[in-house]
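To start, I am sharing the structure in question, which I have written as structure tokens.
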Amino acid sequence: QVQLVESGGGLVQAGGSLRLSCAASGSIFSINVMGWYRQAPGKQRELVAHITRSGMTNYADSVKGRFAISRDNAKNTVYLQMNSLKPEDTAVYYCNPYPTNWDQYWGQGTQVTVSS
């Protein structure tokens, strides 16, 4: 198993910004696609964004133009820059490979709360 440590969450007002980090205990270079996911209370976990090893990105429609995913393979870290945050972005954010592999890659997530 590879532990993923998500950090950078917190409480922010609508319109604010946060930068999330996901540090892996092992190498992520072999993982072609890494993703950020989120789960709001009472809702299913959803894909927010993903990035290939070469840096190609894809975003959920709800965050396009506001969020930016990046990765540093040398540091085994994936980032999510979140700007213009909205209350509906409130959720626990997780990173994981895409497609997901929660059995082998796991983390506690980081809470993001956006107040109106």
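Scan around Leu85 for amide H atoms under 5 Å from its own, H built in the peptide plane at 1.01 Å from N, and keep only partners 5 or more places away or cross-chain.
Here Gly15, Gly16 satisfy the definition.
Where a Cα-Cα gap under 25 Å defines reach, which lysines qualify for Lys86, not counting those fewer than 8 residues away within the same chain?
Lys43, Lys64
Same structure again: Roughly how many nanometres apart are two label points built 7 Å out from the Cα toward the Cβ at Gln108 and Val33?
The two pseudo-label positions are separated by 3.0 nm.
Work the Kirkwood hydrodynamic radius out for region 50-116: mean of 1/r over every pair of different alpha-carbon atoms, inverted, in Å.
One over the average 1/r among Cα pairs gives 13.3 Å for region 50-116.
If you don't mind, another one. Give the carbon-plus-sulfur fraction of the accessible surface of the chain in %, rounded to a whole number; probe 1.4 Å, heavy atoms of protein chains only.
Percent of accessible area from carbon and sulfur atoms in the chain: 48.
Let me ask you something else. Under 16 Å Cα to Cα from Lys75, which aspartates and glutamates show up? Leave out anything in the same chain fewer than 8 places away.
Straight-distance partners of Lys75: Glu6.
Evaluate the distance, in nm, between pseudo-label points positioned 7 Å from the Cα of Leu47 and of Ser7 along their respective Cα→Cβ axes.
The two pseudo-label positions are separated by 2.8 nm.
Between Lys86 and Arg66, how many nm apart are label points set 7 Å from Cα along the C-beta direction?
About 0.5 nm, to one decimal.
With +1 on each Lys and Arg Cβ and -1 on each Asp and Glu Cβ, and nothing else charged, work out how big the dipole of the chain is about its Cα centre, in Debye to the nearest 20.
Value, rounded to 20: 160 debye.
So, counting K/R as plus one and D/E as minus one, what does the shell of residues with Cβ under 14 Å around Gly10 add up to?
-1
Where only protein heavy atoms count, and the probe is 1.4 Å, what is the accessible area per residue for region 11-52 in Å²?
In whole numbers, region 11-52 has 52 Å² accessible per residue.
The values are calculated or read from the model by the stated rules, or taken from the named source; none is laboratory data. This structure is a prediction, so every number in the text was calculated from the model and none was measured. No Cβ is skipped: glycine too gets one built from the backbone with ideal geometry, and neighbour counts run over all protein chains shown. Just the protein is used for accessible areas: all its heavy atoms, side chains included, with ligands, DNA and RNA removed. Shrake-Rupley method; radii C 1.70, N 1.55, O 1.52, S 1.80 Å.
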